Amino acid sequence: MTTLGIIGGMSWHSTVDYYTRLNEAVARARGGHHSAELLLASLDFGTVRAMQVAGDWDGAGRLLGDAGRRLEAAGADALLIATNLMHKVAPAVEAAVGVPLLHIGDAIADAAVRDGHRTLGVVGTRWVMEETFYAERLATHGLDCVVPDAASRQLVDDVIFSELTLGVVREESRAAYARVFTDLAERGADAIVLACTEIQLLVEAGDSPVPLVDSMAAHADHAARFALGAPVS
């Protein structure tokens with residue numbers, strides 16, 4: 001089995017779910033007492049968050065690249081960045097290591113295309129929604145993206161960093177996200193990608209008029225297939 005290295009802790013709430021999902025996938029595939037072979041570099045999210053706020057993406061790239069090198073040195077055969085936003089520095093991580101980086105955008109695209117979706121409503125941090133690095137990765141798989149309006153983008157981002165990454169789940173935030181999902185569906189999205197790995201802590205399928213693509217689940221399942229030797233894009 002391929003050993004996966006996880007660059008996690010951003011936040012640890014979703015890294016826990018990655019760990020669970022990866023082990024469950026391997027257990028289903030192999031049976032018995034089998035579980036995933038994993039290495040984890042769990043970063044201090046306080047440090048990463050300060051870099052995000054300061055716009056120090058070069059520093060963040062070095063930080064995650066260093067984590068990737070440590071995982072490779074410890075025996076990781078492939079890496080995961082267990083967060084959507086920090087794929088903004090995925091090129092720096094890829095340049096720092098000699099093993100594959102399993103990109104979350106490819107995993108999301110695999111799940112979306114498999115289910116027949118073509119236009120994704122993207123709901124995540126403001127950088128994910130407003131910059132090009134995320135939509136461009138999805139576009140390489142033939143997927144179009146729509147994002148919430150400016151006020152909704154601010155609301156979504158605020159909930160992520162003021163609540164979800166702190167482990168706080170509020171009913172009023174769930175209802176607000178449901179309204180954002182409905183608006184995106186009315187604007188042509190045939191599925192909504194939960195483009196922050198904490199959003200799945202807040203919402204469920206019944207909160208959206210169109211299917212939800214859980215980025216954490218898609219990424220973990222994609223990585224598990226890779227670890228087990230199945231072809232992935």
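Rule-based calculations on the coordinates, nothing more; no lab input. Values in this document were obtained by computation on a predicted structure and should not be read as measured data. When we count neighbours, we look across all protein chains shown, and the Cβ atoms used for this are built from the backbone with ideal geometry, even at glycine.
How big is the chain by the Kirkwood estimate over distinct Cα pairs, in Å?
17.7 Å
Can you pull the Rg over Rh of segment 112-181, Cα-only, Kirkwood?
1.01
State, to one decimal in nm, how far the label point of Asp44 lies from the label point of Asn23, with both points 7 Å from Cα in the Cβ direction.
With each label point 7 Å from Cα toward Cβ, the separation is 2.7 nm.
How much length, in nm to one decimal, is gained on full extension between Glu37 and Asp183, taken as 0.36 nm per residue of separation minus their Cα-Cα distance?
Here the segment from Glu37 to Asp183 would lengthen by 48.4 nm.
Estimate the FRET efficiency between Val168 and Val113 by the formula 1/(1 + (r/R0)^6), using the beta-carbon distance for r and 35 Å for R0, to the nearest 0.05.
The value I calculate is 0.55.
I want the local charge near Leu39. Using Cβ-Cβ distances under 14 Å, sum +1 for each Lys or Arg and -1 for each Asp or Glu among the other residues.
Numbers: positive: Arg69, Arg70; negative: Glu37, Glu72, Asp77.
So the environment of Leu39 carries a net charge of -1.
In the Gaussian network model of the chain, springs joining C-alpha atoms below 10 Å, which of Asp207, Asp58, Asp110 carries the largest mean-square fluctuation?
Asp58
Please give the Cα centre distance for segment 111-126 versus segment 167-219, rounded to the nearest Å.
11 Å
Under a point spin-label approximation (7 Å from Cα along Cα-to-Cβ), what is the Arg70-Glu136 distance to one decimal in nm?
So the two model labels end up 3.0 nm from each other.
Anyone know which of Arg126, Arg70, Arg114 comes out most mobile in the 10 Å Cα GNM of the chain?
Greatest mean-square fluctuation among the candidates belongs to Arg114.
Hey, what number do you get for the chain at 222 nm if only DSSP H runs of n ≥ 4 count, each worth -39500 (n - 2.57), divided across all residues, to the nearest 500?
After summing the helix terms and dividing by the residues of the chain, the value is -16000 deg cm²/dmol.
What FRET efficiency comes out for the pair Val16/Leu228, r = Cβ-Cβ distance, R0 = 25 Å, nearest 0.05?
0.70
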